[in-house]
Amino acid sequence: MLGRTRHFRTLARALLPLTLALLVAPQASAADKDGNYAVWGPGGQSCNRYNEARAAGDDAEFRLYAMGYFTAYHTFVDDTYQLGPGKSFTDIMAMVIDYCERTPVDSFQRALKLTAEELAPERRRRAPGRRS
């Protein structure tokens, strides 16, 4: 039970700054006129680094970053309730893992972005039980 409590404290500490940043961030596109934007944290690391961390059982920081990324997607992309309806976070991360194994030189953030783009056409647009 102590390990689980520690995990939740780590999760809360990791997600709090991200949540606060999302609350104060402008809702317009954050990219510059050429489509470039800064990437902080594990997102700026390579897929190869993620693959190594996962193999060592030390990928919690990457998973927390991914949770924040997909939650931000749900929050800021219009007409979106949930990416990958019917898929668990583990299912979605399996897609990220597949991409990172095939493309280790790419960034972890790009793997998340491309996974979100792949899931977007079939996203759930409204909360369950809500009519449009």
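The values are calculated or read from the model by the stated rules, or taken from the named source; none is laboratory data. Note that this is a predicted model, so its numbers are computed, not measured. Counting neighbours? That spans all protein chains shown, and the Cβs are built from the backbone with ideal geometry, glycine included.
Condition check: modelled with pLDDT of 90 or more, in contact with a Phe, Trp or Tyr (Cβ under 6 Å, 6 or more places away or on another chain) and in a helix (DSSP H, G or I). Does PHE62 satisfy that?
Working: modelled with pLDDT of 90 or more: yes; in contact with a Phe, Trp or Tyr (Cβ under 6 Å, 6 or more places away or on another chain): yes; in a helix (DSSP H, G or I): yes.
Yes.
Within the stretch 101-117, track down each residue that is closer than 14 Å to TYR69 by Cβ and surrounded by fewer than 18 Cβ atoms within 10 Å (Cβ to Cβ).
Passing the criteria: ARG110, LYS113, LEU114, GLU117.
For the stretch 41-67, name all the residues that are closer than 15 Å to SER107 by Cβ and either basic (Lys, Arg) or out of contact with any helix residue (DSSP H, G or I) (no Cβ under 9 Å at 6 or more places or on another chain) (or both).
ARG49, GLU52 - these are the residues of the stretch 41-67 that are closer than 15 Å to SER107 by Cβ and either basic (Lys, Arg) or out of contact with any helix residue (DSSP H, G or I) (no Cβ under 9 Å at 6 or more places or on another chain) (or both).
Pull out all pairs, ordered by first then second residue, where Cβ-Cβ is under 7 Å, the residues are six or more apart or on different chains, the first lies in the stretch 42-58 and is closer than 14 Å to TYR99 by Cα, and the second is surrounded by fewer than 18 Cβ atoms within 10 Å (Cβ to Cβ) and polar (S, T, N, Q).
CYS47/THR103
Based on what the data block shows, is TYR73 more than 20 Å from ARG54 (Cβ to Cβ) and either surrounded by 14 or more Cβ atoms within 10 Å (Cβ to Cβ) or within 10 Å of the chain's Cα centre (by Cα) (or both)?
yes
Just name the residue that is modelled with the lowest pLDDT out of those in the stretch 93-132 that are farther than 27 Å from ALA53 by Cβ and small (Gly, Ala, Ser).
At the first step, the residues of the stretch 93-132 found to be farther than 27 Å from ALA53 by Cβ are 121-132.
Right, trim to small (Gly, Ala, Ser) and you get 127, 129, 132.
Numbers: ALA127: 86, GLY129: 80, SER132: 58.
It comes out as SER132.
Of the residues ASP78, ASP58, ASP98, which single one is surrounded by fewer than 13 Cβ atoms within 10 Å (Cβ to Cβ), among the acidic types (Asp, Glu) and closer than 13 Å to ARG123 by Cα?
From the options ASP78, ASP58, ASP98, the qualifying one is ASP78.
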